[in-house]
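Q: Structure incoming, see below.
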Amino acid sequence: MNEKNELRRFLHWGPFILLSLTFVVTCTTLHMNSMWWPPGPTWGSWVNYCLIWFHVFAVLYNFLRTLMVGPGFVPKKWRPQQNESTKFLQYCQRCEGYKPPRSHHCRRCDRCVLKMDHHCPWVNNCVGWSNQASFVYFLLFFLSASVQGIFIVAPALFRGVSKRYLININMKHLATVNLTMLSCLACIITLGIYMGMGLACLKLLHMQAKVIFTNKTEIERWIIKKAEFRREAYYPGKHMKPFVYPYDLGWRSNYRQMFVPSGDGYSWTVLPGCNQFTLTVEQLEQKKEKRARARSYKCISPATGYCLPIISQGIWVCMTIPCNDDPRIALKPGDLVRVTRSHQHWMYGERVISEEEEVERKQRSGAIKGWFPRVCVEMIVDEGSDDEENNRTGGETFIVDNRSEGKVESETEDTQAGGDVPHEVRYSKKPGMDPYFKRTLELIENENYANLDDEKPPWDEDEAEYDFGEPEGNTPSPWIDGTRKRAL
Ligand SMILES: [Zn+2]
Ligand SMILES: [Zn+2]
């Protein structure tokens, strides 16, 4: 990332608010401390005073490091050194390159991020491989600064408010704090900020502790859940090998990996029996299943790609807009979309890149994955019955996909069962099962495939958090071909 981009990261409400709050609370704390316990004859007063400044520098240093150093972005058009490795990796269409293991595309940074944890709006950058330790230190120091700040500002405020009383009861030596309306207000605001930010830091540290000691990011937790789910639900009789998450090396090693810089962010130490691609192959399999569930739609009237298409689509479509910051896609008549989620008036899917775009390597501007008004498309149905149609669509996709990935299965021992989602499966709903998966099973049972991904995962973060990956393999993607063949 060049310097210009680094500086631009400051021009955002996140760093602006955070730095402003830090400035307000630091000034108030120093002002109140100068009346409450100024550095003087006792050594304790100097320790207290130095600790304030230590906190200020430690918080700012780690904040700036998290923001400026960044998580480590995968270079655009990245390819692994060995060409054969590409078939085990996901392909990112935005970056036009492969995704190294554990990396994900961040929509806000518009780049693939090494060991992506999450995109933090407060530092306006992703937290990942190279800045996660700084981020954790930042949280720790902010929490400890908040605790110290509360212990300074609260008693100082109390002494200021009860100054007259302290003089009356002959404790003049404690009546050192003079309060004005402004400083009283600043104290109350500062205490609020310390408490709010302190609690937020505590919660985030709790989440980060899970990431540090298990070596599983939030995104990876989600992939593991899906890996377990598809073994239980999709292949009940096939006895697939249980999924072994390859990076959890025990809490000591995990901890060391986070805080002692080592490695390059591209290759990782894995458990015996696993390899560098254990996770990525699982991701490819999950992606393939998701794609098999998707249905093809054809655009019949243009979609503008605007968030509020009042003029083109009318008030009803605008009244029911999906409440999230997912992108909206523009469609032209004739475009094909693979739909994975749908609402009453809106659908979510990925526009199939046309042959012309593919050949000319010139993509239309705007997102290719996102929401669009339902009225703009119709489902592609042949003369045959719906079921036959669905089977055929599925079948065709599977065959092409299988051919392209047959090698993956034979060369790695990750997956024993064949790649396809069986058409007839017996599902097992277990007590205590994740509500998201329970709902998914209900939808499968009712053959409500179009709504399958309607239910969002238990959190609503970046797209990358649950919808990782773009069409895999070498371009042109096999499934794009498969879909197109049918449509023509
Ligand atoms: Zn990318
Ligand atoms: Zn990001």
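The values are calculated or read from the model by the stated rules, or taken from the named source; none is laboratory data. Everything quoted here is computed from the prediction, not taken from an experiment. Don't worry about glycine lacking a Cβ; one is built from the backbone with ideal geometry, like all the others, and counts go over all protein chains shown.
Q: Within region 150-159, can one find any residue that is surrounded by 21 or more Cβ atoms within 10 Å (Cβ to Cβ), within 10 Å of ligand 2 (Cβ to nearest atom) and on the phi < 0 side of the Ramachandran plot?
A: No, that holds for no residue.
Q: Restricting to region 309-322, name every residue that is surrounded by 14 or more Cβ atoms within 10 Å (Cβ to Cβ) and over 12 Å from residue 346 (Cα atoms).
A: If the condition is that a residue be surrounded by 14 or more Cβ atoms within 10 Å (Cβ to Cβ) and over 12 Å from residue 346 (Cα atoms), then 312 is the only one that fits.
Q: Restricting to region 97-136, name every residue that is under 27 Å from residue 202 (Cβ atoms), small (Gly, Ala, Ser) and under 12 Å from the mean Cα position of the chain (by Cα).
A: Matches in region 97-136: 128 only.
Q: Looking at region 178-196, can you tell me whether even one residue there is in contact with a Phe, Trp or Tyr (Cβ under 9 Å, 6 or more places away or on another chain) and not aliphatic (A, V, I, L, M)?
A: Here is the first cut: in region 178-196, the residues in contact with a Phe, Trp or Tyr (Cβ under 9 Å, 6 or more places away or on another chain) are none.
Taking every residue of region 178-196 in turn, none turns out to be in contact with a Phe, Trp or Tyr (Cβ under 9 Å, 6 or more places away or on another chain) and not aliphatic (A, V, I, L, M).
Q: For residue 63, state whether it is of a type outside the set (Gly, Ala, Ser) and loosely packed, with under 15 Cβ neighbours inside 10 Å.
A: Numbers: of a type outside the set (Gly, Ala, Ser): yes; loosely packed, with under 15 Cβ neighbours inside 10 Å: no.
So residue 63 does not fit the description; no.
Q: Checking the structure you have, find out if any residue of region 322-338 is modelled with pLDDT under 85, under 24 Å from the mean Cα position of the chain (by Cα) and of a type in the set (A, V, I, L, M).
A: No: zero hits.
Q: Which of the following residues is in contact with a helix residue (DSSP H, G or I) (Cβ under 6 Å, 6 or more places away or on another chain) and under 30 Å from residue 288 (Cβ atoms): 258, 240? Before the answer, list the steps.
A: Numbers: 258 fails: under 30 Å from residue 288 (Cβ atoms).
It is 240.
Q: Separate question: Confirm whether residue 221 is loosely packed, with under 14 Cβ neighbours inside 10 Å and either modelled with pLDDT under 95 or more than 21 Å from residue 52 (Cβ to Cβ) (or both). Working first, answer last.
A: On the way: loosely packed, with under 14 Cβ neighbours inside 10 Å: no; either modelled with pLDDT under 95 or more than 21 Å from residue 52 (Cβ to Cβ) (or both): yes.
No.
Q: Moving to a separate point now. Restricted to region 108-128, and to residues that are under 14 Å from residue 67 (Cα atoms) and out of contact with any strand residue (DSSP E or B) (no Cβ under 7 Å at 6 or more places or on another chain), which residue is nearest to ligand 2 (Cβ to nearest atom)?
A: 125
Q: Tell me, which residue of region 126-146 that is of a type outside the set (A, V, I, L, M, F, W, C) and buried (at least 23 other Cβ atoms within 10 Å of the Cβ) is nearest to residue 25 (Cα to Cα)?
A: Going residue by residue through region 126-146, those that are of a type outside the set (A, V, I, L, M, F, W, C) are 128, 130-132, 134, 137, 144, 146.
From what is left, the residues that are buried (at least 23 other Cβ atoms within 10 Å of the Cβ) are 128, 131-132, 146.
Working: 128: 29, 131: 25, 132: 25, 146: 9 Å.
Here the answer is 146.
Q: Shifting gears a bit: Do any strands (runs of 3 or more DSSP E) lying entirely in region 247-364 carry at least 3 residues that are without any contact (Cβ under 8 Å) to a residue 60 or more places away in the chain, and which ones are they?
A: On the way: elements: 295-299, 336-342, 346-351.
Ranges flagged: 346-351.
Q: Which numbered condition trips up residue 148, out of (1) in contact (Cβ under 8 Å) with a residue 24 or more places away in the chain; (2) polar (S, T, N, Q); (3) over 20 Å from residue 45 (Cβ atoms)?
A: For residue 148, the failing item is (3).
Q: Still on this structure, I have one more. Can you name every residue in region 96-107 that is away from ligand 2 (no atom under 13 Å from the Cβ) and in contact (Cβ under 8 Å) with a residue 24 or more places away in the chain? Write out each step before concluding.
A: If we filter region 96-107 for residues that are away from ligand 2 (no atom under 13 Å from the Cβ), which is where we start, we get 96-102.
Result: 99, 100, 101, 102.
Q: Test each condition in (1) touching a helix residue (DSSP H, G or I) at 6+ places or on another chain (Cβ under 8 Å); (2) touching a residue at least 40 places away in the same chain (Cβ under 8 Å) for residue 93 and report the one that comes out false.
A: It is condition (1) that residue 93 fails.
Q: Tell me which residues, restricted to region 20-39, are surrounded by 16 or more Cβ atoms within 10 Å (Cβ to Cβ) and outside any loop (DSSP other than H, G, I, E, B).
A: Scanning region 20-39 gives 21, 22, 25, 26, 28, 29, 31, 32, 33, 36.
Q: Residues being out of contact with any strand residue (DSSP E or B) (no Cβ under 9 Å at 6 or more places or on another chain), touching a residue at least 60 places away in the same chain (Cβ under 8 Å) and of a type in the set (Val, Ile, Thr): count how many of those fall in region 18-68.
A: The qualifying residues number 7.
Q: Report yes if some residue within region 177-186 is in contact (Cβ under 8 Å) with a residue 24 or more places away in the chain and exposed (fewer than 15 other Cβ atoms within 10 Å of the Cβ); otherwise report no. So that I can check it myself, show each step before the final result.
A: Filtering region 177-186 down to residues in contact (Cβ under 8 Å) with a residue 24 or more places away in the chain leaves 177-178, 183-184, 186.
Applying the additional criterion that residues be exposed (fewer than 15 other Cβ atoms within 10 Å of the Cβ) yields 178, 184.
Looking for residues that are in contact (Cβ under 8 Å) with a residue 24 or more places away in the chain and exposed (fewer than 15 other Cβ atoms within 10 Å of the Cβ), one finds at least one in region 177-186, hence yes.
Q: Pairs under 9 Å by beta carbon, first residue at negative phi in region 222-235, partner among the small types (Gly, Ala, Ser) and at pLDDT below 80, six or more apart or different chains?
A: Taking only residues 6 or more apart or on different chains, the pairs are 231/417; 232/428; 233/428; 234/417; 235/417.
Q: Run down 46, 78 and say which single residue is more than 16 Å from ligand 2 (Cβ to nearest atom) and either surrounded by 20 or more Cβ atoms within 10 Å (Cβ to Cβ) or part of a helix (DSSP H, G or I) (or both). Walk me through how you get there before you give the answer.
A: Values: 78 fails: either surrounded by 20 or more Cβ atoms within 10 Å (Cβ to Cβ) or part of a helix (DSSP H, G or I) (or both).
That would be 46, the only listed residue that is more than 16 Å from ligand 2 (Cβ to nearest atom) and either surrounded by 20 or more Cβ atoms within 10 Å (Cβ to Cβ) or part of a helix (DSSP H, G or I) (or both).
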